[in-house]
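What follows is calculated from the coordinates using simple rules that are stated; it is not laboratory data. Please read all numbers here as calculations on a predicted model, not as lab measurements. Counting neighbours? That spans all protein chains shown, and the Cβs are built from the backbone with ideal geometry, glycine included.
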Amino acid sequence: MTASKRFRRWGSVVLLPLLLAAGCGDDEEETGGTGEEESAKVVKIGVIAPLSGDLTAIGTGIKNSVDLAIKQANENNAVPGWRIELAAEDDAAKPDVGAQAAAKLASDRAVVGVVGTYNSSVALQVAPVLQKANVVQVSPANTNDTLTRGEDFKTAPKRPFSNYFRTATLDSLQGGFAADYAWNDLKVARVVIIHDKKAYGQGLSESFGRQFQKNGGAVLTTETINTGDKDFNAVLSKIRSAGAQLIFYGGEYPEASLLSRQAKNTGIKVPLMGGDGIVDPTYIKTAGAEANGDYGTSIGAPPESLESAKTFIADYKAAGYKDGHSAYGALAYDAANAIIRTLPTALGSAEAVDESVRKRIVEAVGKVSFDGTSGKVAFDEFGDAVARTLTMYKVESGSFKAVKTGEFEG
Amino acid sequence: MRARVRGRIRTGGRATALALTGAVTLILAAFSPWATFAGFPGKMSLGGFAGGARLFALALGVAAMVIVFDVRGRRQTGLSVGLGSLAVVGVNVVAIAGEGGALGGVAWGAWLALAGAGAIAAGAFLLPTDRPPGEEWRQLPAPIEASAMATGLLAVLGLVVWGLRIEESSRFISFLVFVGFASVSLHHLGLFDWMSSLFTRRVRLAMVLTAAVAIAFPFTQEGNSYWIRVFASIGVFAVAAIGLNVVVGLAGLLDLGYVAFFGVGAYVGALFADATLTTVHVHLPFLLVILLGGTIAAVFGLVIGAPTLRLRGDYLAIVTLGFGEIFRITANNWDGLTGGPNGISGVPDLAIGSVNLGEAHTVFGVSLPGFANYYFVELLLLAAAILVFTRLDDSRIGRAWVAIREDELAAAASGVDTVRLKLMAFAIGAFLAGAAGTVNAHVTSQVSPDSYTFLESILLVAAVVLGGMGTVRGALLGSAALFIIPEKLRAFQDKRLLLFGIALILMMRLRPEGMAPSRRRQRELREEAPEGVAGATGAPPGRPVAP
Amino acid sequence: MRQFVQQLVNGTVLGATYGLIALGYTMVYGIIQLINFAHGEIFMVGAFGGLTVYRYWLPASMAGNPWIALPAVMIVAIAVAVGVAVAVERLAYRPLRNAPRLAPLITAIGVSIFLQEAVRLFYPGGKRQQPFPQLISSGTFEVAGVTIAWISVFVVVTAVSLMIALQLFVKRTRMGKAMRATSQDPESARLMGINIDRVIVVTFVIGAALAAVAGVMQGMRFAQIDFRIGFLAGLKAFTAAVLGGIGNIGGAVLGGFVLGIVEVMATQYVPHGSSWKDVWAFVVLIVVLVARPGGLLGERVATRA
């Protein structure tokens, strides 16, 4: 055997165990050198929201608002002996990614609750994962009826996830509210419905159409579009001759702003109405002057009319976040506070978070009742917000003006 | 012999001394404080022990000491260790500076480590070039080889488990850099060659050991389901990637709509499992559903393949892309069957006999979360897929595919029924994807059109190409990398995709044949590589630009 | 009938944009057989380049004057798109000329993801739609009951003139001849003294410039742009290029118009057409390829595999 060979093998033989030793080196060994400051016990509140991809702006608003609630709670020492931390996870607006994120949060024993998701489709995946681990979930934005009332929500509502709550309002209420407004206040009798074929858009459109026809109005035609498309001239040319007095759009602002502009340029000079998905400053910015006269519903009373909402907006500004709080910021802030409020009692004298603590929190969240930024925060037997106030906004000279606030009784 | 060794060392005496000094410095620095402030992961502000990422520096320092005495190949090995330590220290200096407010947060230990790492790299660089080790390892007694193989696999498992446990991203990057450069060093020492020769020589044992390690993984997770879940998803993805590898890697047909077959399987799985929202109220036994899902997907493969397989490569790519889109749009709009945009949710947990796979079980005193069961099901499916793939690769069919891939005209002239064989590749690939899809419907408990976009098809192709075309290892490595890296990059939140894009570009630049290319293909690449512009791309010269 | 003509107009405008982007795909493919997936992103980057001039560089007095603003926006958009395309070619594609066939494809996908994310993360407000200035009147006029927007006229006229100009360039100039030679047989072209690297760079430059013009026109037409406009437009344009016969300039143009008109007509005349229109687009593609494997204007398929 040559020297080189022997050395080479010797080298490997020494290196490999070294790698292994490094691999087995546990963190505990290094704790020998203490001296760093001893901190309070930690609980975490998770956020699952789209933090990458198209919906980043909304997801970031949700994350920052929860962060704000947590910071305030820590400053006020709302949970004595404990420090709350934020654990934000990206769901990329995709169900499977969301489920993965939920599994990650559920496996972190310090996590006591999750605020999210934005998309109803993602929530359908996230809720069961969190339910298995008894982690409470409060969504600021899911509006799909099935999440709290099951598949047969119209006939036999049954709550599918015991850990799931939401501060947002149902599609059926929003669509109905919009239909009543169009029929009673705008005196519109003929509408065209367009939606984006997504869970939110389709659900909202269906509930609008149901209520509008119940009122006696006529839905002339229903068309669908693809999200991501830019040119809707073809579909608009098609419905032009129908002679509608209003276009109802179920979907979100990127497509809505294009539709509104192109409709008016095609010669359909009627307002466009939508749900909370279009009530966003970007809608007006990109639709331009053509957006004037359009309508959109939103959850809760207008922030200008509520002291608490004004405080939230001012605090958010003062905290200096790079992105805006978006349409769901206030509801996310309320959702986070609903969880935080249960912590002092639920944690009690516990040394660490365990199953029983998580169970107590789920139970306690169902019973919270306090005045949040957008009204009273409390949940009914299905986990839905009891506050069902909705506001109709109209675009006037470049901004959303509240024109009617009320509730939809169905 | 001693004289010879001393002679060698003397030729690079100063360089060796420099590298040695660097190694000692690095080791000392590993025990010194790296940060001036408390709170950086690994208690970096304290001296006296090698905490946090300093452990990597320590290991690399010791390795450098050993390597400098190695006679052959020590220049390359030393260089990779030196650069590795530079990278590890560098990453941490940047991270510490970022967290502690500029360079004031970086303590003297880190600078010392940087100097040491630099000295190792410089010393190694100055060493005389020597012939890289190339000789074969001698065959050793069976028990020694077997235990070496077991140790190697255990080391891999240990590294994986350890890496997954690292929470802080700066430390995880240190870990990745460390493992990367350590692997390069080990490769230079010839260890990998030896290992791979062992694994090819003792195939049976290799398979048993690999299976054992794979089965052992859930037991290392302490009842925590997160990574088991990720690994189960990797399993599903890997089966699909192996299927795609039959189409792309073996037969050379570029399929950009492959995820559609996966989707067909998933919808079949959800529809026939009596999910809450199914539109077909039939509950078939799971094994039957897997076969059904695979078969229906294969039929789709034949339907789409029959008219289009006579098209040239890139045309086939766009037709498959079109098919993928048609599938997604159909799933989104055929509300009566597919549930439209909401998809089908509430797919129940699998039950085999009386065992509900969704529940947690306790095995050998270790509690396994429910997901571990799916992980095991995935392993079985994966094993089946691997078996199919390797059998095909070694058969007449596999050789015919390679012939088609390399030169279709020549293959046809030699009597290969090209259309039939291409159809077969398409159908087999689709079958595997369909089978994987049916399982995935249960793993994610829901199917919806959003999961079967063009981007997913692209990711599958990327997995195959990144890993290395035409090999099982490649498909496995590629799928694992594409799943684990984004999961680990979660810390970077919205910069994840950006980094992913950069990683794809760099990977193709540095190692275009993939992480684990097939030997046959590697050889082909080396032999070809003419200077022509389009030469080695394997594509025919294009047609004129003008009509 | 009026409805039909109206939709024909809509389809033509849609197709003009597809065709303009498709030219970039088809030229690059003709020369180096690379499906340049990042080309859609070049289109997007160009649009953002144009927006930057208008928003940040032009003084308010000039921004209001379309005779100054429009050329400025166009020129900078082209400069930005060309710069990015050349950098991508030099840094990402050129080192891979001799790599396995799929390596440049994966690189192109990586570049595409990178460019999208870079704009989303680093362009001010890039996460949301950005309003794009309307430098051409958004008004419309009617001809026999058919509504046509002035911007649509501008889009179609510009696109068609550029396509004709490109055709002349490829047919009449030395560089065009070199491009044709390279696409036929790069090895012989090199032996004839053609600088292949230069030909390839010029190809990328022309493709990027056309895409940038398309980007600015799309921005003006819809009054908004965002970081993902490139992906879908790229996918459609790529389809158009193949439909017409990839590698063929006239084919890309024809493919673009056919695709645009098929989509629009499907929306109008097929039940539920608006959600299924892309299916029809791909069905037409598949039927055409099965009947004429080289695409509409493509040559007979090469006998070599």
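Using Cα-Cα distances under 8 Å and only pairs 6 or more residues apart, what relative contact order does region A:321-410 have, in percent? Please report the intermediate quantities before stating the final value.
Numbers: 87 pairs, mean separation 16.1, N = 90.
Computed value for region A:321-410: 18 percent relative contact order.
Can you compute the charge dipole magnitude of chain C about its Cα centre, using +1 on each Lys and Arg Cβ and -1 on each Asp and Glu Cβ, nothing else charged? Give it in debye, rounded to the nearest 20.
Values: 23 positive and 11 negative charges, 98 e Å.
The calculation lands at about 460 debye.
Of all lysines in the structure, the ones whose alpha carbon falls short of 21 Å from that of A:K187, not counting any fewer than 8 places away in one chain, are A:K214, A:K264, A:K269, A:K394, A:K401, A:K404. Close amide H partners of A:S139, meaning residues 5 or more places away or on another chain with modelled amide H under 5 Å apart, are A:G116, A:F165, A:R166, A:T167.
Enumerate the helices in chain C for which the Kyte-Doolittle hydropathy averages 1.0 or more and the C-alpha atoms extend at least 18 Å along the helix's axis, using complete DSSP H runs.
Working: long enough: C:2-32 (45 Å, 0.88); C:39-52 (20 Å, 0.91); C:66-88 (32 Å, 2.47); C:102-122 (29 Å, 1.58); C:150-172 (33 Å, 1.81); C:196-222 (39 Å, 1.59); C:229-244 (23 Å, 1.69); C:249-269 (30 Å, 1.46); C:273-291 (26 Å, 1.71).
Qualifying helices, which must be both long enough and hydrophobic enough, are C:66-88, C:102-122, C:150-172, C:196-222, C:229-244, C:249-269, C:273-291.
When you restrict to C-alpha pairs under 8 Å that are six or more residues apart and normalise by the size of chain A, the relative contact order lands at 17 percent.
Looking at the protein assembly as shown, send over the antiparallel percent of its DSSP beta bridges, to the nearest 5. Please report the intermediate quantities before stating the final value.
Details: 32 of 68 bridges.
DSSP beta bridges in the protein assembly as shown are roughly 45 percent antiparallel.
Between A:V386 and B:W111, the distance separating the two model label sites (each 7 Å from Cα on the Cα→Cβ line) works out to 6.4 nm. For A:E89, the amide hydrogen comes within under 5 Å of the amide hydrogens of A:V47, A:I48, A:A49, counting only partners 5 or more places away or on other chains and with H modelled in the peptide plane.
Under the combined filter of DSSP loop state and at most 14 neighbouring Cβ atoms within 10 Å, region A:318-392 retains these trypsin sites (Lys or Arg not before Pro): A:K322, A:K367. When you filter the GluC sites (Glu not before Pro) in region B:353-424 for DSSP loop state and at most 15 other Cβ atoms inside 10 Å of their Cβ, you are left with B:E359. Of all lysines in the structure, those lying under 18 Å Cα to Cα from A:K359, and not within fewer than 8 positions of it along the same chain, are A:K44, A:K132, A:K367.
With an a/c value of 1.5 or above and a/b larger than b/c for the gyration tensor axes a ≥ b ≥ c computed over the alpha-carbon atoms, region A:87-213 is described as prolate. Here the label points at A:E304 and B:D193, each 7 Å from Cα along the C-beta direction, are separated by 7.8 nm in the simple model.
Show me the GluC sites (Glu not before Pro) within region A:291-385 that DSSP assigns to loop and that have at most 11 other Cβ atoms within 10 Å of their Cβ. Walk me through the numbers on the way to the answer.
Values: sites: A:E304, A:E307, A:E351, A:E355, A:E363, A:E381; in loops: A:E351, A:E381.
For GluC sites (Glu not before Pro) across region A:291-385 that sit outside H, G, I, E and B with at most 11 neighbouring Cβ atoms in 10 Å, the list reads A:E351, A:E381.
Only residues of region A:68-106 count here: report those whose backbone N is under 20 Å from the spot 7 Å along Cα→Cβ of A:S349, or say none. Under 20 Å, as judged by backbone N against the label point of A:S349, lie A:79-83 of region A:68-106.
Amide H contacts of A:V111: A:K44, each under 5 Å away and 5 or more positions distant or on a separate chain (H built 1.01 Å from N in the peptide plane; Pro and chain starts excluded).
For B:L409 and C:S137, a Förster radius of 51 Å and the Cβ-Cβ distance give a FRET efficiency of 0.35, rounded to the nearest 0.05.
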